[in-house]
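The values are calculated or read from the model by the stated rules, or taken from the named source; none is laboratory data. Only a predicted model underlies this, so the values are computations on that prediction, with no experimental measurement involved. In this analysis, Cβ positions are derived from the backbone assuming ideal geometry, glycine residues included, and neighbour counts consider all displayed protein chains. All accessible areas refer to the heavy atoms of the entire protein, side chains included, with ligands and DNA or RNA removed. Shrake-Rupley method; radii C 1.70, N 1.55, O 1.52, S 1.80 Å.
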Amino acid sequence: MKAAVIGAGMLGLDLAERLNASPVLSCELVASRQSSASALRRAAQLGCEVSTEGITAVVRAGVDVVFDASSAEAHPAHWAALASADVLLVDLTPSSGGSMLTPTVNAVRAESDRHLSLVSCGGQAVLPVLDAVARNSTRVEDVEVVTTVASASVGPATRDNLDEYLATTGYAVQRLTGATRAKVMATISPALPAPAFRAQITACAYGIQTRALSDAVEAAAVAVRQYAPGYQVSALSVVDDLVRATVTVTARGGRLPSYAGNVEIINAAAVTLAERYARSREVGHRG
């Protein structure tokens with residue numbers, strides 16, 4: 001299937017490279033109104049057509065899948081422009097539009113829903129663990145998530161969307177776990193050497209099945225590593241009704257520096273879900 005990417009920052013360029021490595025997707029176009037000429041040149045070097053016309057160029061291109069790596073503010077207009085077309089729109093902005101998906105939790109919805117939200121990089125890191133907590137306890141009351149990301153892996157759009165990042169991630173955590181409250185905090189670290197992407201989870205849950213939870217978290221981590229090999233649950237503890245876990249994501253391979261696990265986890269998840277959509281359509285056409 002032919003794909004287009006909106007946005008030519010670190011997220012968009014990495015997406016273009018991943019799409020061209022996919023067995024079922026190809027990057028036909030990278031379009032942006034905000035990107036520099038050098039960014040679009042790099043996209044062209046990957047074999048993609050480029051445009052400074054943004055969504056206008058995407059609509060004209062007639063592709064099958066669109067990845068929105070622009071901004072939460074711009075995303076609603078992009079969906080409005082594509083809503084009547086037979087196109088899958090994969091939202092990598094924290095706009096909270098569309099169906100919130102993560103591959104190890106509810107990937108099957110990618111086969112039928114046409115507007116997918118990847119929540120946020122933090123959401124993609126913590127939701128597999130929190131899904132295991134919810135399934136192995138009787139009730140989740142409070143969840144706190146603290147993410148730390150290297151400054152060099154955070155572009156201008158992400159910085160502008162920080163409020164949306166916190167709100168959308170918290171909303172997704174509550175929806176998935178049924179938690180009464182969810183608090184999300186984020187640190188953009190200027191430290192050198194740049195730290196790996198990390199998410200610390202604290203959850204107050206009742207009726208925890210400790211051994212089953214440990215096994216479920218390990219199984220979730222193994223499943224995530226199928227598309228994001230640098231994903232690790234580096235710590236997990238249960239004391240009374242309190243679950244604490246630390247997730248780290250290291251980027252491995254490709255053009256990303258190792259500390260850009262935030263980009264790795266959301267882009268890998270986005271391409272995985274789009275590939276599932278593409279394969280389901282292929283089976284449908286054969287049928």
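Taking the chain as a Gaussian network, where each spring joins two C-alpha atoms under 10 Å apart, which residue of Val173, Val108, Val249 fluctuates the most?
Taking springs between Cα atoms under 10 Å, the residue moving most is Val108.
Can you match percent of Cα pairs over 29 Å apart to one of these, (1) 36; (2) 43; (3) 30, based on a calculation from the structure here?
Calculated percent of Cα pairs over 29 Å apart: the matching label is (3).
Using a probe of 1.4 angstrom, how much of the accessible area of segment 121-259 is carbon and sulfur, in percent? Before the final figure, lay out each step's value.
On the way: 3230 of 6400 Å².
Carbon and sulfur atoms account for 50 percent of the accessible area of segment 121-259.
Relative contact order for segment 108-241: what percent, with Cα pairs under 8 Å and sequence separation of 6 or more?
35 percent.
If the elastic network links every pair of Cα atoms under 10 Å, which of Leu19, Leu92, Leu242 fluctuates the most in the Gaussian network model of the chain?
Among Leu19, Leu92, Leu242, the largest GNM mean-square fluctuation belongs to Leu242.
Give me the 1.4 Å probe accessible area per residue for the chain, excluding ligands and nucleic acids, in Å².
For the chain, the per-residue accessible area is 43 Å².
Counting only DSSP beta bridges with both residues in segment 121-259, what percent are antiparallel, rounded to the nearest 5?
If I count the DSSP bridges inside segment 121-259, around 75 percent turn out antiparallel.
Find the Cα radius of gyration of segment 121-259, compare it with 2.2 N^0.38 Å by division, and give the number to two decimals.
1.04
Alpha carbon centre of segment 76-126 versus segment 133-164: separation in Å?
Each part's Cα centre sits 17 Å from the other's.
So, in nm, how far is label Arg33 from label Ala77 when the simple model puts each one 7 Å beyond its Cα toward the Cβ?
So the two model labels end up 0.3 nm from each other.
If a paramagnetic tag sat 7 Å from the Cα of Val222 along the Cα-Cβ line, which residues of segment 247-281 would have the backbone N under 18 Å from that point?
none
If I take every Cα pair under 8 Å that is 6 or more residues apart in the chain, average their sequence separation and divide by the length, what percent do I get for the relative contact order?
Relative contact order of the chain: 18 percent.
Work out the length of the dipole vector of segment 1-108 about its Cα centre, built from +1 on the beta-carbon of each Lys and Arg and -1 on the beta-carbon of each Asp and Glu, and round it to the nearest 20 debye.
Working: 6 positive and 10 negative charges, 41 e Å.
The dipole of segment 1-108 has a size of about 200 debye.
What helices does the chain hold that run 20 Å or longer along their axis, going by alpha-carbon atoms, with a Kyte-Doolittle average of -1.0 or more, using DSSP H for the helix calls?
Qualifying helices, which must be both long enough and hydrophobic enough, are 121-135, 162-177, 210-224, 261-286.
Given the DSSP H assignment, sum -39500 (n - 2.57) over each helix run of at least 4 residues in the chain and divide by its residue total; what's the result at 222 nm in deg cm²/dmol, nearest 500?
Calculated from helices alone, the mean residue ellipticity at 222 nm is -12500 deg cm²/dmol.
Considering only Ala80, Ala31, Ala212, give the residue with the highest GNM mean-square fluctuation for the chain, with springs between Cα atoms whenever their separation is below 10 Å.
Ala80
Under the Kirkwood approximation for Rh and a Cα-based Rg, what ratio Rg/Rh is obtained for segment 5-76?
Here the Rg-to-Rh quotient is 0.92.
For segment 20-170, what mean projected area does the convex hull of the alpha carbons give, in nm²?
Taking a quarter of the hull surface, the average projection is 10.4 nm².
Quick one: in segment 196-238, what % of C-alpha pairs are over 16 Å apart?
44 percent
What share of the DSSP beta bridges in the chain is antiparallel, in percent to the nearest 5?
45 percent
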